[in-house]
1. Counting only residues that are open to solvent by 10 Å² or more (accessible area, probe 1.4 Å) and farther than 16 Å from THR54 by Cβ, which one in the range 127-138 is nearest to the chain's Cα centre (by Cα)?
2. In the set TYR199, TYR178, TYR188, which member is aromatic (Phe, Trp, Tyr) and in contact with a Pro (Cβ under 8 Å, 6 or more places away or on another chain)?
3. Here's a check for you: in the range 213-226, which residue that is in a loop (DSSP other than H, G, I, E, B) and modelled with pLDDT of 95 or more is farthest from the chain's Cα centre (by Cα)?
4. Quick one: which residue in TYR210, TYR178 is hydroxyl-bearing (Ser, Thr, Tyr), in contact with a Phe, Trp or Tyr (Cβ under 9 Å, 6 or more places away or on another chain), under 19 Å from TRP4 (Cα atoms) and open to solvent by less than 20 Å² (accessible area, probe 1.4 Å)?
5. Please enumerate the residues belonging to the range 195-210 that are more than 27 Å from ALA159 (Cβ to Cβ) and modelled with pLDDT of 95 or more.
6. Taking the residues in the range 3-50 that are assigned to a loop (DSSP other than H, G, I, E, B) and of a type in the set (Asp, Glu) as candidates, determine which candidate is nearest to TYR129 (Cα to Cα).
7. Count, please, the residues in the range 98-146 that happen to be touching a strand residue (DSSP E or B) at 6+ places or on another chain (Cβ under 7 Å), assigned to a helix (DSSP H, G or I) and of a type in the set (Gly, Ala, Ser).
8. Kindly indicate whether ALA116 is surrounded by fewer than 16 Cβ atoms within 10 Å (Cβ to Cβ), touching a helix residue (DSSP H, G or I) at 6+ places or on another chain (Cβ under 9 Å) and either among the hydrophobic types (A, V, I, L, M, F, W, C) or closer than 20 Å to PRO52 by Cα (or both).
Amino acid sequence: MRKWLAERVAQEHPAVLLITGDTPYTGANSHDWQVFQQETVSWREAKILQLPTTGNHEAYGGLQQGIANYFDNFPSIARHRFYSALLGSVEVISLDCTQEAGTDSPQAEWFAGQLAHLPSQVQFLFILYHIPWVADRQTRMFVNLPSPEALNLRGILEAHLGGLHARVVVFNGHIHNYERFERQKVEYVISGGGGAEPYPLFFRGRADLYRDLGFPVYHFVTLDVSDGMLHAVMWKVKDPDAAELSVEAKDEFTLTALKQGTGVLKRKAVHR
């Protein structure tokens, strides 16, 4: 499933690929990263810009070696554990769940500074962080998420919402399923269905905007930005046991920019 999804993503011909973390099983194990490279060779052949965030698995086996391997496998982020990338009318901010994110931490202060100085042309702000900032009732009950540091980062975002001129979408992973929420006009998307062992689904709380109880939810999400509009679609594997796999659109949402701009994606330097 993991291999098939990687190839299917390449067939979308994306300009940019956002990765929500837990790329290897054991971050310190170079063999696990070799498997990732083998299964995603089509991404590099197509010269797709990969913008990742760290997951807890990147730290498995030893944080120092895990992060070193992470940097080696994602040269586009120039060895930054948290960073931003300006892509025309879109800005991506990637934060690091393996580093402290408390109120006075360097990461939290940097994040607040990024929100306070968002470039004027940005219409849509995408935030990547592995641990969910908003989660379904089942997730909160069984695995006690969001974490205190995730909540602190969410609080920093919400404190700046009044001054932001961009629509915000937060992308999380960690939960091997799909969940979506809206809170204070921010979209929160949990996308963790890239081929890992699916988490059992017993129920969905009322706040979850994705209501389907079908299981498992192997999937990917496409994001199309054009002329001040963002259209997002979650593509779910229709039947994981089928002889010939296919996907179907199972969730979607559209956001309109708060201000007009170019709406054109261009690659700019990644910076910290």
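1. VAL134
2. Only one candidate qualifies: TYR188.
3. By that ranking, first place goes to PRO216.
4. Being hydroxyl-bearing (Ser, Thr, Tyr), in contact with a Phe, Trp or Tyr (Cβ under 9 Å, 6 or more places away or on another chain), under 19 Å from TRP4 (Cα atoms) and open to solvent by less than 20 Å² (accessible area, probe 1.4 Å) holds for just one of TYR210, TYR178, which is TYR178.
5. Listed by number, the list holds a single entry, TYR210.
6. Ranking the candidates gives ASP22 first.
7. Going through the range 98-146 one residue at a time, the tally reaches 0.
8. So ALA116 passes the test.
The values are calculated or read from the model by the stated rules, or taken from the named source; none is laboratory data. Since the structure is predicted, the reported quantities are computational estimates derived from the model, not experimental observations. Please note: Cβ atoms are built from the backbone with ideal geometry, for glycine as well, and neighbour counts cover all protein chains shown. Remember, those area values only see protein heavy atoms, side chains included, never the ligands or the DNA or RNA. Shrake-Rupley method; radii C 1.70, N 1.55, O 1.52, S 1.80 Å.
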